[in-house]
Amino acid sequence: QIVSARTSQNRMVTREDVLARIYTLPSTFGRVFRASIAENPINPQATTLYVLTRDSSGNLDTAPDTLKKNLSKYLNEFRLISDAYDILDAQIINFGVKYEVVVAQNANKQQVALSINNKLAELLQTKFFQIDQPLIIDDITSTILAQDFVIALSDLRVFPRTGVVEDREYSNSTFPFDRSTKRGMIFGPPGAMFECKFPEFDIIGSAT
């Protein structure tokens, strides 16, 4: 059983209070990597909490039921009497990036593509993403164009990765990327988080 102090000073009043409390869950009861709060469209008396954890390789993973139960008990010690929480798994949206660039004549094309791939892998690290955060296309474009010897970006595509691809396991969650792009940003469904799970395979570039 999770035992916590129940003083009025520790009550959760704002959304920020709730998120802060989620991340203080003692590690013996599990570890939440990302959490998000949303209105509950079905039950206006309850708040939806989306959570994600990570596997042993550091990739996003759905939280086990034990962790969700422990979290529910833990939050119950600090919630206001009128508050109620529905704890749900956030969707994991795996994706890849494919691009083509035009480079200077004196450039080593293979080296330029490798440099771009490395920079994109840094940009798209999971630690920089949150649940419900859009994928910003301009950031990807700027990173590519900032590399030495790159003259132009002739093609850029962000695409879903789902199921099993060449023995690599991805989330089964997907959605129409093309129809979800607005103002240079790709918005996932509510309670979803983007992940470039295997950048060494999912960032594909060519230079001409």
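The values are calculated or read from the model by the stated rules, or taken from the named source; none is laboratory data. Being a predicted model, the structure only gives us computed values, none of them experimental. Counting neighbours? That spans all protein chains shown, and the Cβs are built from the backbone with ideal geometry, glycine included. Keep in mind that these areas ignore ligands, DNA and RNA; they rest on the heavy atoms of the full protein, side chains included. Shrake-Rupley method; radii C 1.70, N 1.55, O 1.52, S 1.80 Å.
Restrict the check to region 147-160 and report whether at least one residue is surrounded by 12 or more Cβ atoms within 10 Å (Cβ to Cβ), aromatic (Phe, Trp, Tyr) and in a strand (DSSP E or B). Yes; the residues of region 147-160 include at least one that is surrounded by 12 or more Cβ atoms within 10 Å (Cβ to Cβ), aromatic (Phe, Trp, Tyr) and in a strand (DSSP E or B).
Out of the residues in region 1-52 that are among the β-branched types (Val, Ile, Thr) and in a helix (DSSP H, G or I), which is modelled with the lowest pLDDT?
Restricting to residues being among the β-branched types (Val, Ile, Thr) and in a helix (DSSP H, G or I), the top hit is Val18.
For region 76-104, the candidate set comprises residues that are outside any strand (DSSP E or B) and modelled with pLDDT of 95 or more; within that set, the residue that is most open to solvent (accessible area, probe 1.4 Å) is Ala104. Any residue at all in region 57-68 that is of a type outside the set (Asp, Glu), surrounded by 19 or more Cβ atoms within 10 Å (Cβ to Cβ) and over 20 Å from Gly191 (Cα atoms)? No, region 57-68 contains no residue that is of a type outside the set (Asp, Glu), surrounded by 19 or more Cβ atoms within 10 Å (Cβ to Cβ) and over 20 Å from Gly191 (Cα atoms).
On inspection, Ile137 qualifies as in contact (Cβ under 8 Å) with a residue 40 or more places away in the chain, of a type in the set (A, V, I, L, M) and more than 28 Å from Arg31 (Cβ to Cβ).
Considered as a group, the residues in region 182-195 that are outside any loop (DSSP other than H, G, I, E, B) and touching a helix residue (DSSP H, G or I) at 6+ places or on another chain (Cβ under 7 Å) include one that is surrounded by the fewest Cβ atoms within 10 Å (Cβ to Cβ), and that residue is Met185. Across region 161-173, the qualifying residues are those that are open to solvent by 70 Å² or more (accessible area, probe 1.4 Å) and outside any strand (DSSP E or B), and the one among them that is nearest to Ile37 (Cα to Cα) is Asn172. The residue pairs whose first member lies in region 12-31 and is closer than 14 Å to Tyr85 by Cα, whose second member is among the aliphatic types (A, V, I, L, M) and in a loop (DSSP other than H, G, I, E, B), and whose beta carbons are closer than 9 Å, counting only pairs six or more residues apart or on different chains, are Met12/Leu80; Val13/Leu80; Val18/Met12; Arg21/Met12; Ile22/Val32.
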